[in-house]
Amino acid sequence: MFVDSHCHLDRVDLTPYAGDFDAMLAQARAEGVQHMLCVCIDLEHYPAMCQRVKDHPDISVSLGVHPSERGGQEPSVDELVRLGSDPAVVAIGETGLDYHYNDGDLGWQRQRFVTHIEAARRLAKPLIIHTRDAREDTIALMRAAGAEQAGGVMHCFTETWEMAKQALDLGFYLSFSGILTFKNAAALREVAQSVPLDRLLIETDSPYLAPVPYRGKKNEPRFVSHVAARIAALRGLSVEALAEITSENFFRLFRAARPAEQRLPG
Ligand SMILES: [Zn+2]
Ligand SMILES: [Zn+2]
């Protein structure tokens, strides 16, 4: 049974399901997805995102503003703490630094990242960190702002082993997406081979980054099994064992998320 530790369910293409959101979820469940973490990228869409997933106990939500989002409401620490104190919010993010899709003076992006780290510390909830082409600044800000006190995950990890090691040393988990299945991702597969098994997570980042053999198509949570299968092969494990390990890791890190069978009635 897989956990998709990072997806944007409010953006998944429902065309194959005739627009039926529940049918898309049913298919994911039928293919072994036991839990999904639906990740927030801006405050404007946050209420609608929560509304969309609220009747599904196997879906958790996060709260945050993506480092590449411009023009929307800029979050303050107080606002994130106010909204994030809802018990349904299991993590703060996605946040982080992205120097690939942004240029010029990115002081605003660093400030926004620090705001999220402070909110996560105050809430004692884990961070979901997005990092791209910003290795040194990401680690430097995590250290300076005390991110290890909140803990969390480096999601859709595509960076070097050196950075992986620094994040692991800060107590963070690493999550791998369909990128790991791409032909040109040999270096990344080496990183995934070296991460301690108890710090490993899997994700789709749906609707983006569909794994091989769906590369280039719209991604959805059911494809997480392809990420799992690739890592299992790399690590010499069965897919079932890899699924169990990464699911355990998920529920250990995101303490407020509950496996379906452990949910209390009512
Ligand atoms: Zn991301
Ligand atoms: Zn994402």
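Per-residue answers, yes or no, for (1) part of a helix (DSSP H, G or I); (2) more than 16 Å from the chain's Cα centre (by Cα):
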position: Gly19; (1), (2): no, yes
position: Ile41; (1), (2): no, no
position: Val65; (1), (2): no, no
position: Glu69; (1), (2): no, yes
position: Val90; (1), (2): no, no
position: Asp103; (1), (2): no, yes
position: Arg110; (1), (2): yes, yes
position: His116; (1), (2): yes, no
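Scan the range 49-61 and tell me whether some residue there is closer than 24 Å to Met142 by Cβ, in a helix (DSSP H, G or I), away from ligand 1 (no atom under 16 Å from the Cβ) and open to solvent by 10 Å² or more (accessible area, probe 1.4 Å). No, the range 49-61 has no match at all. Consider the range 146-182 and keep the residues that are of a type in the set (S, T, N, Q) and either in contact with a Lys or Arg (Cβ under 6 Å, 6 or more places away or on another chain) or assigned to a helix (DSSP H, G or I) (or both). The one that is farthest from Arg132 (Cα to Cα) is Gln149.
Candidates in the range 76-88 are the residues that are outside any helix (DSSP H, G or I) and touching a strand residue (DSSP E or B) at 6+ places or on another chain (Cβ under 9 Å); of these, the one that is farthest from Arg258 (Cα to Cα) is Asp86.
Do we have Asp10 as over 28 Å from Ala232 (Cβ atoms), open to solvent by 50 Å² or more (accessible area, probe 1.4 Å) and within 16 Å of ligand 1 (Cβ to nearest atom) here? Steps first, please.
Numbers: over 28 Å from Ala232 (Cβ atoms): yes; open to solvent by 50 Å² or more (accessible area, probe 1.4 Å): yes; within 16 Å of ligand 1 (Cβ to nearest atom): yes.
In short, yes.
Of the residues making up the range 81-90, not a single one is within 16 Å of ligand 1 (Cβ to nearest atom), surrounded by 21 or more Cβ atoms within 10 Å (Cβ to Cβ) and not polar (S, T, N, Q).
Kindly provide the set of residues from the range 219-238 that are part of a loop (DSSP other than H, G, I, E, B) and touching a Ser or Thr at 6+ places or on another chain (Cβ under 8 Å), ordered by number. Scanning the range 219-238 gives Asn219, Glu220.
Residue-by-condition table, conditions (1) modelled with pLDDT under 95; (2) under 26 Å from Val12 (Cα atoms); (3) not basic (Lys, Arg):
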{"residue": "Val212", "(1), (2), (3)": "yes, yes, yes"}
{"residue": "Leu234", "(1), (2), (3)": "no, no, yes"}
{"residue": "Ala243", "(1), (2), (3)": "no, yes, yes"}
{"residue": "Asn249", "(1), (2), (3)": "no, yes, yes"}
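Which of the following residues is without any contact (Cβ under 8 Å) to a residue 12 or more places away in the chain and either loosely packed, with under 14 Cβ neighbours inside 10 Å or farther than 24 Å from Ser194 by Cβ (or both): Arg110, Arg122, Arg70, Arg143? Full working, then the answer.
Details: Arg110 fails: without any contact (Cβ under 8 Å) to a residue 12 or more places away in the chain; Arg122 fails: without any contact (Cβ under 8 Å) to a residue 12 or more places away in the chain; Arg143 fails: without any contact (Cβ under 8 Å) to a residue 12 or more places away in the chain.
The conditions single out Arg70.
When the residues of the range 186-207 are filtered to those that are farther than 16 Å from Glu248 by Cα and in contact (Cβ under 8 Å) with a residue 60 or more places away in the chain, the one that is surrounded by the fewest Cβ atoms within 10 Å (Cβ to Cβ) is Pro207.
If we keep just the residues of the range 208-239 that are among the small types (Gly, Ala, Ser) and closer than 19 Å to Phe250 by Cβ, which is surrounded by the most Cβ atoms within 10 Å (Cβ to Cβ)? Ranking the qualifying residues of the range 208-239, first place goes to Ala228.
So which of Gly96, Gly71, Gly84, Gly104 is touching a helix residue (DSSP H, G or I) at 6+ places or on another chain (Cβ under 9 Å) and on the phi > 0 side of the Ramachandran plot?
Details: Gly71 fails: touching a helix residue (DSSP H, G or I) at 6+ places or on another chain (Cβ under 9 Å); Gly84 fails: on the phi > 0 side of the Ramachandran plot; Gly104 fails: touching a helix residue (DSSP H, G or I) at 6+ places or on another chain (Cβ under 9 Å).
So the residue among Gly96, Gly71, Gly84, Gly104 that is touching a helix residue (DSSP H, G or I) at 6+ places or on another chain (Cβ under 9 Å) and on the phi > 0 side of the Ramachandran plot is Gly96.
The values are calculated or read from the model by the stated rules, or taken from the named source; none is laboratory data. Nothing here was measured: the structure is a model prediction, and the numbers come from that model. Every residue, glycine among them, receives a Cβ derived from its backbone with ideal geometry; neighbour counts consider all protein chains shown. Areas reflect the complete protein model, heavy atoms only, side chains present, ligands, DNA and RNA absent. Shrake-Rupley method; radii C 1.70, N 1.55, O 1.52, S 1.80 Å.
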